[in-house]
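Below you'll find the structure, written out as structure tokens, and then a few comments.
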Amino acid sequence: MKNVHLTLQGKGGVGKSLVSSLVAQYHQDKGRETVNLDTDPVNSSFESYKGLGVRHIDLLDGEQKLNTRNFDQLMEAVLTEETDFIVDNGASSFLPLSSYMVENEVPQMIHGAG
């Protein structure tokens, strides 16, 4: 079964990137392949863990609004690739991302893809 780990929180500095890195390291230690993504537009700390191969994805546009095209590409990968995902999200994009996910029933789609 595929797992998608989303680290979300509306406050900065609470350890989202640390939690994401620990989950990624756990999977790595168990020999499980993961796609590790940092979507924090302000402070991409998760991406700084070079040994985890974290990629950065810009989910906000220049006006700090959710770039739905980039989010849709992320969701397409989550729903079609046969691997676990670990996604670290930043506080500044928490509200637009959470709202978009609820409006588009993303949790239900992820659950159905697993």
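Considering Asp84, Asp61, the condition of being more than 15 Å from Lys2 (Cα to Cα), charged (D, E, K, R) and out of contact with any Pro (no Cβ under 6 Å at 6 or more places or on another chain) is satisfied by Asp61 alone.
Residue-by-condition table, conditions (1) touching a residue at least 60 places away in the same chain (Cβ under 8 Å); (2) of a type in the set (Gly, Ala, Ser); (3) open to solvent by 70 Å² or more (accessible area, probe 1.4 Å):
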residue	(1), (2), (3)
Leu8	yes, no, no
Lys11	yes, no, yes
Lys16	yes, no, no
Asp40	no, no, no
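Looking across the range 22-32, the residues that are assigned to a helix (DSSP H, G or I) and either of a type in the set (Val, Ile, Thr) or without any contact (Cβ under 8 Å) to a residue 40 or more places away in the chain (or both) come down to Leu22, Val23, Gln25, Tyr26, Gln28, Asp29. Among the residues making up the range 45-78, those that are surrounded by fewer than 17 Cβ atoms within 10 Å (Cβ to Cβ) and either at pLDDT 90 or above or among the small types (Gly, Ala, Ser) (or both) are Ser48, Lys50, Gly51, Gly53, Arg55, His56, Gly62, Ala77.
The values are calculated or read from the model by the stated rules, or taken from the named source; none is laboratory data. All values reported here derive from a predicted model rather than from experimental measurement. No Cβ is skipped: glycine too gets one built from the backbone with ideal geometry, and neighbour counts run over all protein chains shown. To get the accessible areas, we keep the full protein, side chains included, count just its heavy atoms, and leave off ligands, DNA and RNA. Shrake-Rupley method; radii C 1.70, N 1.55, O 1.52, S 1.80 Å.
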